[in-house]
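What follows is calculated from the coordinates using simple rules that are stated; it is not laboratory data. Since the model is a prediction, treat every value here as computed from it, not as a measurement. Cβ sites come from the backbone with ideal geometry, for glycine too, and all protein chains shown count toward neighbours.
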Amino acid sequence: MRVRVPMRDAALAALVLLASGCGRDAPPAADATAMAPPPGTAAAQAAPAAAAPSAAATPGVVAAPAGGAPSLALLRGYLDAWNAHDIAAAAMFFDENGDYFDSAFAGLQHGRPAIAENAIGVFMRGVPDLRWEVRSDPIVGADGIAFEWTLTGTNTGTWGGVRATGQKIQLKGMSFLRIRNGKIVYQSQVYDSAALNRQLGL
């Protein structure tokens, strides 16, 4: 598998512009569950109970909290589906006509079936034990979330037509999610594909 090397500086600048633009019409809103003090502490006993976000009946939908900002619960649920290695569940977080852009190998995928097969599925089949985790506090705006991440695992499956190498990977990158009506309508992600090729031994 040979993939082109993304222009990391340009991609980072674009991601920052997108992330800053998503909060232009409304101030960022913090997720109350993420900020809650540890159970049993004095702060937890004194603090009022935070209301849990209510999910819509459709799988993959997490309602936005008061104020209109997307809930970090959506991001947690999306990553949980990836880490459960459930292609269908992860794809359900996307709008039926959503777009997924991968700067290295997947390119632009339009529509939930294409995203499931050519983007999410490629990663999950290539690295069946993958673990996708957030590296720093996400930037949350009125209709989007930007975050840095690390993806780890072992390439024991076919990845984009290339046989498994059996190599462990630790891939770092950034993603931006545009959210509308509780669904992801656009995801873009950038990472160092040259580093990935080196880790895979390609």
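Counting every other Cβ atom within 10 Å of each residue's Cβ, Val140, Val185 order from fewest to most as Val185, Val140. Which Cα, out of Thr154, Pro113, Gly144, lies furthest along the positive dipole direction of region 112-171 (beta carbon charges, K/R +1, D/E -1)? Sorting the options by dipole projection puts first Thr154.
The label-point distance for Arg180 and Arg135, in a model that sets each label 7 Å from Cα toward Cβ, rounds to 3.0 nm. Each of Glu117 and Thr150 was given a label point 7 Å from its Cα along the Cα-to-Cβ line. The distance between the two points is 3.5 nm.
Could you state, as a whole-number percent, how many of the C-alpha pairs of region 118-202 are farther apart than 19 Å? Cα-Cα pairs of region 118-202 separated by over 19 Å account for 43 percent.
Measuring from centroid to centroid over Cα atoms, what is the spacing of region 141-156 and region 72-136 in Å? Between the Cα centres of region 141-156 and region 72-136 lies a distance of 10 Å. Near the amide H of Gln167, within less than 5 Å, lie the amide hydrogens of Asn155, all on another chain or at least 5 residues away, with H placed in the peptide plane.
Close amide-amide hydrogen proximity is noted between Gly144 and Ile179, each under 5 Å apart and 5 or more residues distant or on a separate chain (H modeled in the peptide plane; Pro and chain starts excluded).
Distant-in-sequence amide contacts of Gly98, defined by a placed amide H-H separation under 5 Å and a gap of 5 or more residues or a different chain, comprise Gly111, Arg112. Our coupling estimate for region 169-182, obtained by passing each phi through the Karplus curve with A = 6.51, B = -1.76, C = 1.60 and θ = phi - 60°, is 10, 9, 9, 10, x, 9, 9, 10, 10, 9, 10, 9, 6, x Hz, Gly and Pro reported as x.
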